[in-house]
Amino acid sequence: MNSIDKRAIVIGGSLAGLFSGTLLRSIGWQVDIYERSARELDSRGGGVVLQADVVVAFQRAGIATDKLGVDATERYYLQKDGGIEQMPMRQTLTSWNILYRSMRRHFPDEHYHQGKVLVQVQPEGDKVTAIFTDGSRETGDLLIGADGPTSTVRQQLLPTYAPQYAGYVGYRGLVDEADLEPEAAKIFTERFVFYDFPNSHILEYVIPGENESLVPGERRFNWVWYVNYDEETELPRLLTDENGKRRDYSIPPGMMAPAVEQEMRDYANLVLAAPFKTLVAATKEPFVQSILDLGVPQMAFDRIALVGDAAFVPRPHTAASTAKAAANAISLVEALVDRRHNVPKALQEWEADQLSLGMHLWQRGRSLGDSSQFTHGKGRIEG
Ligand SMILES: Cc1cc2nc3c(=O)[nH]c(=O)nc-3n(C[C@H](O)[C@H](O)[C@H](O)COP(=O)(O)OP(=O)(O)OC[C@H]3O[C@@H](n4cnc5c(N)ncnc54)[C@H](O)[C@@H]3O)c2cc1C
């Protein structure tokens, strides 16, 4: 596709920024991505359920999709009495790292700028300017706010909208296939496995290995365990890392405070089904993320668009956050082509469907969370 005389400034170089950046390039736009982190983003990549929109976005951007994930063919629901309920269900499971690195390799280095922290956006006539902490400024025809749940772009445009703690956290972990004892590994391989109990559940699936390998024996078990914690009395301790630093929403792998990590391990031994006890025990560097709720009433602001988690953070039970970021980008480039690259008209056309998609996922996530009775009490088995 020939280049056209239009430039997009993308704030945030994670998945939503890369979906938008690669797809805008596919329709001839010049794109620069500005990412706050000075390093490659790969520190906590866990599992992601691969959804159709992600595959479509990759195909349209010209990125190979044949080696993206691991297939699971069924679900196992472990029972308290040791029994197993089975349900056939085919799904492809991938990793955040593989999605990020596939797009990052495809996006030219000279247009991906690390260590650039946005402080302000300044619309002016038919242009919009991004201003960074180092004093530099970049001007384009379109600015994409892909800067995640704590979005600076959103804080400026919708200052009263911020993520709310949903009442529970997700403990997470990754275990190399080679590091799990064979009896547990047999249960967890090639399937989605759940264990539900009052006010909580834990799930597992196999994802590609750290080196993106899909070869059996070189992949990883990925688990997520939802547990309720009170926002005032318990959460601050959980979100304080091993160096005593209080983090906003998550503690990365290897940085949980030792006492908190030990409590999590003891609690796992008390309440989980036996295979999950083994899986948690085999996890070298568990991590924790608070579960958030965020929804906005507006995503288009003349020449500025909010995409991905900057606009809506659905709960992880929808398994849709990444696919939503892909859908936002697909629909954005379709609207730009439809509207002959007239940005305000395209964003206006784009917004309605994307708002209803975000709203739908946000509400669905809340109702799935509520039906699991999260936030209605500490997740302990009482009977
Ligand atoms: C390192 C990392 C690992 C993740 N791992 C997983 C995972 O394993 N499983 C999963 O389901 N989800 C994961 N996520 C979240 C997942 O990417 C999102 O839920 C979803 O895909 C939408 O992504 P997003 O790009 O909208 O938001 P995010 O992924 O949160 O990305 C926002 C980006 O914007 C950057 N940013 C923020 N403020 C500024 C600013 N002022 N200036 C410039 N840049 C800024 C951030 O550094 C970040 O890279 C991860 C996110 C990150 C950043």
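What follows is calculated from the coordinates using simple rules that are stated; it is not laboratory data. Note that this is a predicted model, so its numbers are computed, not measured. In this analysis, Cβ positions are derived from the backbone assuming ideal geometry, glycine residues included, and neighbour counts consider all displayed protein chains.
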(request) List the longest stretch of the chain that has no exposed loop site; here a site is one of the GluC sites (Glu not before Pro) assigned by DSSP to anything other than H, G, I, E or B, with at most 10 other Cβ within 10 Å. (result) 1-231
(request) Let me know the charge dipole size of region 187-319 about its Cα centre in debye, to the nearest 20, where only the beta-carbon of Lys, Arg (+1) and Asp, Glu (-1) is charged. (result) 220 debye
(request) Just rank W350, W225, fewest to most, by other beta-carbon atoms within 10 angstrom. (result) W350, W225
(request) Return the distance in nm (one decimal) between the two label points of a simple spin-label model at E190 and R247, each offset 7 Å from Cα along Cα→Cβ. (result) 3.5 nm
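How much net charge surrounds P314 when only the other residues with a Cβ under 11 Å from the Cβ of P314 are counted, with Lys and Arg +1 and Asp and Glu -1?
Working: positive: R315, K324, R364, R366; negative: D293, D309.
Surrounding charge for P314 is +2.
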(message) Let's test the formula: R0 of 35 Å, r as the Cβ-Cβ distance of E212 and S356. What FRET efficiency results, to the nearest 0.05?
(response) 0.50
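For the chain, what proportion of DSSP beta bridges, expressed in % and rounded to the nearest 5, is antiparallel?
So the antiparallel bridges amount to about 75 percent of the total.
Just how large is the dipole of region 6-61 about the Cα centre, in debye to the nearest 20, putting +1 at every Lys and Arg Cβ and -1 at every Asp and Glu Cβ? Don't skip to the end; give the middle numbers.
Working: 7 positive and 5 negative charges, 34 e Å.
Taking the Cα centre of region 6-61 as origin, the dipole is about 160 debye.
So which of K186/K277; K6/K345; K245/K277; K80/K284 end up more than 19 Å apart by C-alpha? Write out the running numbers ahead of the final one.
Numbers: K186/K277 15 Å; K6/K345 15 Å; K245/K277 29 Å; K80/K284 26 Å.
Exceeds cut-off: K245/K277; K80/K284.
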(message) Starting from the 7 Å offset along Cα-to-Cβ, what nm value, one decimal, do you get for the label separation of M87 and N269?
(response) 3.3 nm
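Determine, for T94, T152, the number of other Cβ atoms within 10 Å of each Cβ, and report the residues in order from fewest to most. Could you put the intermediate results ahead of the total?
Values: T94 25, T152 20.
Ranked by crowding around the Cβ, least crowded first: T152, T94.
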(request) Determine the calculated [θ] at 222 nm for the chain from helices alone, applying -39500 (n - 2.57) to every DSSP H run no shorter than 4 residues and normalising by the residue count; nearest 500 deg cm²/dmol. (result) -9500 deg cm²/dmol
(request) Just add up the charged neighbours of G17: K/R +1, D/E -1, any other residue whose Cβ is under 9 Å from the Cβ of G17. (result) -2
(request) Count the net charge of all other residues whose Cβ sits under 10 Å from the Cβ of G173, scoring Lys and Arg as +1 and Asp and Glu as -1. (result) +1
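State the extension gain, in nm to one decimal, for the chain segment bounded by Q164 and S371, taking 0.36 nm per residue of separation less the distance between their alpha-carbons.
Once the chain is fully extended between Q164 and S371, it gains 72.6 nm.
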(request) For a footprinting-style exposure proxy, rank D126, D176 by other Cβ within 10 Å, fewest first. (result) D126, D176
(message) Compute, for the chain, the length of the dipole vector about the Cα centre, with Cβ point charges of +1 (Lys, Arg) and -1 (Asp, Glu) only. Units Debye, rounded to 20.
(response) 500 debye
(request) State the answer as a single residue: which of V128, I33, V48 lies farthest towards the positive end of the charge dipole of region 31-133, with beta carbon charges of +1 for Lys and Arg and -1 for Asp and Glu, about the Cα centre. (result) V48
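What helices does the chain have that are whole DSSP H segments, at least 18 Å long along their own axis by Cα, and with mean Kyte-Doolittle hydropathy of -1.0 or more?
Working: long enough: 258-271 (20 Å, -0.51); 321-338 (26 Å, 0.81); 343-371 (41 Å, -0.65).
Span-like helices here: 258-271, 321-338, 343-371.
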